[in-house]
Amino acid sequence: MSIARVAQVVWYVTGRFYASQSNTLEDVGYFLHLQGIEDSLFDGPVSEATALLTFASEQFSASTVTNGGLNIGLDAKGAFSIFLREKGGASFDDPRSFAAGQCIATFERTAIVSTAQVPETSKFTLSTNVFTARLASSEPFELAGARYDFRDLIGFGITQWGIAATEPLTPPAGYVAVVPFVGSAIRVA
(Lines give C-alpha, C1' and ligand atoms only; values in the text may rest on other atoms or scores of the structure.)
Protein backbone atom coordinates (compact mmCIF):
# COMPACT_ATOMS: atom_id res chain seq x y z
CA MET A 1 0.00 0.00 0.00
CA SER A 2 1.45 3.37 -0.95
CA ILE A 3 1.96 6.12 1.60
CA ALA A 4 -0.36 8.37 -0.42
CA ARG A 5 -3.23 5.90 -0.06
CA VAL A 6 -2.66 5.56 3.71
CA ALA A 7 -2.54 9.31 4.32
CA GLN A 8 -5.57 10.30 2.25
CA VAL A 9 -8.82 11.45 3.78
CA VAL A 10 -11.19 8.51 3.27
CA TRP A 11 -14.42 9.95 4.64
CA TYR A 12 -16.32 13.00 5.73
CA VAL A 13 -19.26 12.54 8.07
CA THR A 14 -21.65 14.75 9.96
CA GLY A 15 -23.83 13.86 12.88
CA ARG A 16 -24.85 14.61 16.42
CA PHE A 17 -23.82 13.56 19.92
CA TYR A 18 -26.72 12.83 22.26
CA ALA A 19 -26.65 12.77 26.07
CA SER A 20 -29.44 10.74 27.66
CA GLN A 21 -31.20 11.26 30.95
CA SER A 22 -29.26 8.23 32.29
CA ASN A 23 -25.88 9.95 31.64
CA THR A 24 -24.97 7.82 28.63
CA LEU A 25 -23.82 9.22 25.30
CA GLU A 26 -24.23 8.11 21.70
CA ASP A 27 -23.49 9.54 18.32
CA VAL A 28 -25.25 9.07 15.00
CA GLY A 29 -24.96 10.61 11.57
CA TYR A 30 -24.33 10.11 7.88
CA PHE A 31 -21.58 10.10 5.28
CA LEU A 32 -20.95 13.15 3.11
CA HIS A 33 -18.11 11.42 1.21
CA LEU A 34 -16.57 7.94 1.15
CA GLN A 35 -13.41 7.50 -0.92
CA GLY A 36 -13.82 4.87 -3.62
CA ILE A 37 -17.55 5.46 -4.16
CA GLU A 38 -18.23 7.74 -7.10
CA ASP A 39 -22.03 7.56 -7.03
CA SER A 40 -24.20 9.75 -4.85
CA LEU A 41 -24.58 8.76 -1.22
CA PHE A 42 -28.06 10.34 -1.20
CA ASP A 43 -31.45 9.70 -2.78
CA GLY A 44 -32.25 13.42 -3.02
CA PRO A 45 -30.83 16.74 -1.76
CA VAL A 46 -28.02 16.22 0.78
CA SER A 47 -29.43 15.72 4.29
CA GLU A 48 -29.86 13.05 6.93
CA ALA A 49 -33.34 12.36 5.50
CA THR A 50 -31.87 11.27 2.12
CA ALA A 51 -28.60 9.67 3.29
CA LEU A 52 -27.98 6.12 2.09
CA LEU A 53 -24.97 5.49 4.39
CA THR A 54 -25.60 6.22 8.07
CA PHE A 55 -23.80 5.31 11.30
CA ALA A 56 -24.76 4.77 14.92
CA SER A 57 -22.63 4.13 17.99
CA GLU A 58 -23.28 1.93 20.95
CA GLN A 59 -24.08 3.90 24.10
CA PHE A 60 -21.01 4.94 26.09
CA SER A 61 -20.03 7.12 29.03
CA ALA A 62 -17.32 9.74 29.43
CA SER A 63 -15.39 11.31 32.25
CA THR A 64 -14.11 14.90 32.35
CA VAL A 65 -10.69 16.21 33.26
CA THR A 66 -10.25 19.96 33.75
CA ASN A 67 -7.02 21.76 32.93
CA GLY A 68 -7.45 25.47 33.60
CA GLY A 69 -10.06 26.74 31.17
CA LEU A 70 -10.09 23.52 29.15
CA ASN A 71 -12.51 20.61 29.73
CA ILE A 72 -11.23 17.29 28.37
CA GLY A 73 -13.73 14.47 27.89
CA LEU A 74 -12.42 10.90 27.89
CA ASP A 75 -14.60 8.12 26.44
CA ALA A 76 -13.87 4.47 27.01
CA LYS A 77 -13.46 2.09 24.09
CA GLY A 78 -16.67 1.41 22.18
CA ALA A 79 -18.13 0.47 18.82
CA PHE A 80 -20.11 2.00 16.00
CA SER A 81 -21.72 0.48 12.93
CA ILE A 82 -22.38 1.69 9.40
CA PHE A 83 -25.69 1.01 7.68
CA LEU A 84 -26.72 0.92 4.03
CA ARG A 85 -30.27 2.10 3.49
CA GLU A 86 -32.39 1.34 0.41
CA LYS A 87 -33.67 4.90 0.65
CA GLY A 88 -33.29 7.77 3.08
CA GLY A 89 -35.35 8.19 6.19
CA ALA A 90 -33.03 9.02 9.08
CA SER A 91 -33.96 11.92 11.34
CA PHE A 92 -31.98 13.72 14.04
CA ASP A 93 -35.29 13.89 15.95
CA ASP A 94 -35.07 10.07 16.25
CA PRO A 95 -31.42 9.01 16.75
CA ARG A 96 -32.34 5.30 16.55
CA SER A 97 -33.43 5.84 12.92
CA PHE A 98 -29.76 5.97 11.88
CA ALA A 99 -29.32 2.27 12.77
CA ALA A 100 -31.78 1.10 10.09
CA GLY A 101 -30.92 -0.91 7.00
CA GLN A 102 -28.17 -3.44 6.27
CA CYS A 103 -25.24 -3.32 8.72
CA ILE A 104 -22.24 -3.25 6.36
CA ALA A 105 -19.39 -2.53 8.81
CA THR A 106 -18.62 -2.32 12.50
CA PHE A 107 -15.67 -0.42 13.93
CA GLU A 108 -14.22 -0.67 17.43
CA ARG A 109 -12.49 2.34 18.93
CA THR A 110 -9.01 1.18 19.91
CA ALA A 111 -8.20 3.95 22.34
CA ILE A 112 -9.84 6.56 24.48
CA VAL A 113 -11.62 9.32 22.56
CA SER A 114 -10.32 12.71 23.57
CA THR A 115 -12.66 15.69 23.40
CA ALA A 116 -11.53 19.20 24.30
CA GLN A 117 -13.86 22.12 24.93
CA VAL A 118 -13.33 25.66 26.09
CA PRO A 119 -16.08 26.49 28.62
CA GLU A 120 -18.99 28.60 27.40
CA THR A 121 -18.01 31.31 29.89
CA SER A 122 -14.89 31.96 27.78
CA LYS A 123 -14.81 34.65 25.10
CA PHE A 124 -14.11 31.92 22.52
CA THR A 125 -15.76 28.52 22.22
CA LEU A 126 -14.26 25.41 20.70
CA SER A 127 -14.97 21.69 20.80
CA THR A 128 -12.85 19.10 19.01
CA ASN A 129 -12.36 15.34 19.25
CA VAL A 130 -10.11 12.62 17.86
CA PHE A 131 -10.19 8.81 17.93
CA THR A 132 -8.83 5.74 16.16
CA ALA A 133 -11.03 2.75 15.31
CA ARG A 134 -10.23 -0.61 13.75
CA LEU A 135 -12.55 -2.31 11.30
CA ALA A 136 -13.96 -5.23 13.30
CA SER A 137 -16.24 -6.65 10.60
CA SER A 138 -17.52 -5.83 7.15
CA GLU A 139 -20.02 -7.23 4.70
CA PRO A 140 -19.99 -6.65 0.92
CA PHE A 141 -22.72 -4.29 -0.25
CA GLU A 142 -24.11 -2.90 -3.48
CA LEU A 143 -24.72 0.76 -4.21
CA ALA A 144 -25.92 2.08 -7.58
CA GLY A 145 -25.08 -1.25 -9.24
CA ALA A 146 -21.47 -1.42 -7.98
CA ARG A 147 -20.18 -3.80 -5.29
CA TYR A 148 -18.08 -2.53 -2.37
CA ASP A 149 -16.64 -3.74 0.93
CA PHE A 150 -15.27 -1.57 3.75
CA ARG A 151 -12.34 -3.97 4.01
CA ASP A 152 -11.29 -2.74 0.53
CA LEU A 153 -12.37 0.87 1.02
CA ILE A 154 -10.85 1.42 4.46
CA GLY A 155 -8.48 -1.47 5.19
CA PHE A 156 -7.47 -1.83 8.85
CA GLY A 157 -9.27 1.23 10.20
CA ILE A 158 -9.36 5.01 10.52
CA THR A 159 -8.31 7.95 12.67
CA GLN A 160 -10.98 10.64 12.77
CA TRP A 161 -10.79 14.29 13.80
CA GLY A 162 -13.97 16.17 14.49
CA ILE A 163 -15.24 19.62 15.32
CA ALA A 164 -18.45 20.12 17.24
CA ALA A 165 -20.71 23.14 17.45
CA THR A 166 -21.09 24.71 20.84
CA GLU A 167 -24.47 26.30 20.16
CA PRO A 168 -27.09 24.28 22.04
CA LEU A 169 -29.83 22.48 20.10
CA THR A 170 -33.17 21.38 21.49
CA PRO A 171 -32.83 17.67 22.29
CA PRO A 172 -35.49 15.13 21.28
CA ALA A 173 -37.55 13.33 23.94
CA GLY A 174 -35.44 11.13 26.22
CA TYR A 175 -32.28 13.21 25.84
CA VAL A 176 -30.93 16.15 27.82
CA ALA A 177 -28.41 17.53 25.32
CA VAL A 178 -27.52 17.30 21.65
CA VAL A 179 -24.43 18.63 19.84
CA PRO A 180 -23.85 18.60 16.05
CA PHE A 181 -20.42 17.68 14.65
CA VAL A 182 -18.44 17.11 11.46
CA GLY A 183 -15.61 14.61 11.15
CA SER A 184 -12.95 13.63 8.64
CA ALA A 185 -10.95 10.42 8.76
CA ILE A 186 -7.72 9.12 7.31
CA ARG A 187 -6.94 5.48 6.65
CA VAL A 188 -4.79 3.68 9.23
CA ALA A 189 -2.07 1.39 7.83
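The values are calculated or read from the model by the stated rules, or taken from the named source; none is laboratory data. Owing to the predicted nature of the structure, the values given are computational and were not obtained by experimental measurement. Neighbour counts run over all protein chains shown; Cβ positions are idealised from the backbone, glycine included.
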Please tell me if T54 is of a type in the set (S, T, N, Q) and at pLDDT 90 or above.
-> yes
Search the range 74-95 for residues that are within 29 Å of R134 (Cβ to Cβ) and pair each with any residue that is surrounded by 19 or more Cβ atoms within 10 Å (Cβ to Cβ) and among the aromatic types (F, W, Y) when their beta-carbon atoms are under 6 Å apart and the residues are at least 6 apart or on different chains.
-> F80/F55; F80/F107; I82/F55; L84/F141; A90/F98; P95/Y18
Counting just the residues of the range 11-35 that are among the β-branched types (V, I, T) and at pLDDT 95 or above, which one comes out surrounded by the fewest Cβ atoms within 10 Å (Cβ to Cβ)?
-> T14
Flag for L34 being closer than 18 Å to R147 by Cα and touching a Lys or Arg at 6+ places or on another chain (Cβ under 6 Å) = no
Filtering the range 119-131 down to residues that are touching a strand residue (DSSP E or B) at 6+ places or on another chain (Cβ under 7 Å) and surrounded by fewer than 17 Cβ atoms within 10 Å (Cβ to Cβ), which residue is modelled with the highest pLDDT?
-> V130
State yes or no: is F98 closer than 21 Å to T170 by Cα and either in contact with a Leu (Cβ under 9 Å, 6 or more places away or on another chain) or modelled with pLDDT of 80 or more (or both)?
-> yes
Restricting attention to the range 62-73, which residues are over 15 Å from V130 (Cβ atoms) and surrounded by 13 or more Cβ atoms within 10 Å (Cβ to Cβ)?
-> N71
Find all pairs meeting these conditions: Cβ atoms under 7 angstrom apart; at least six residues apart or on different chains; first residue within the range 15-44 and within 24 Å of L169 (Cβ to Cβ); second residue among the hydroxyl-bearing types (S, T, Y) and not in a strand (DSSP E or B).
-> N23/S61; T24/S61; L25/S61; F42/T50; G44/T50
Within the group A116, A105, A111, A136, which residue is modelled with pLDDT under 95 and in a strand (DSSP E or B)?
-> A116
Looking only at the range 144-176, which residues are more than 27 Å from F17 (Cβ to Cβ) and either assigned to a loop (DSSP other than H, G, I, E, B) or of a type outside the set (G, A, S) (or both)?
-> A144, G145, R147, Y148, D149, R151, D152
Could you list, in sequence order, all residues of the range 177-189 that are over 22 Å from C103 (Cα atoms) and in a strand (DSSP E or B)?
-> A177, V178, V179, P180, F181
Could you please give the count of residues in the range 166-189 that are hydrophobic (A, V, I, L, M, F, W, C) and more than 22 Å from T132 (Cβ to Cβ)?
-> 5
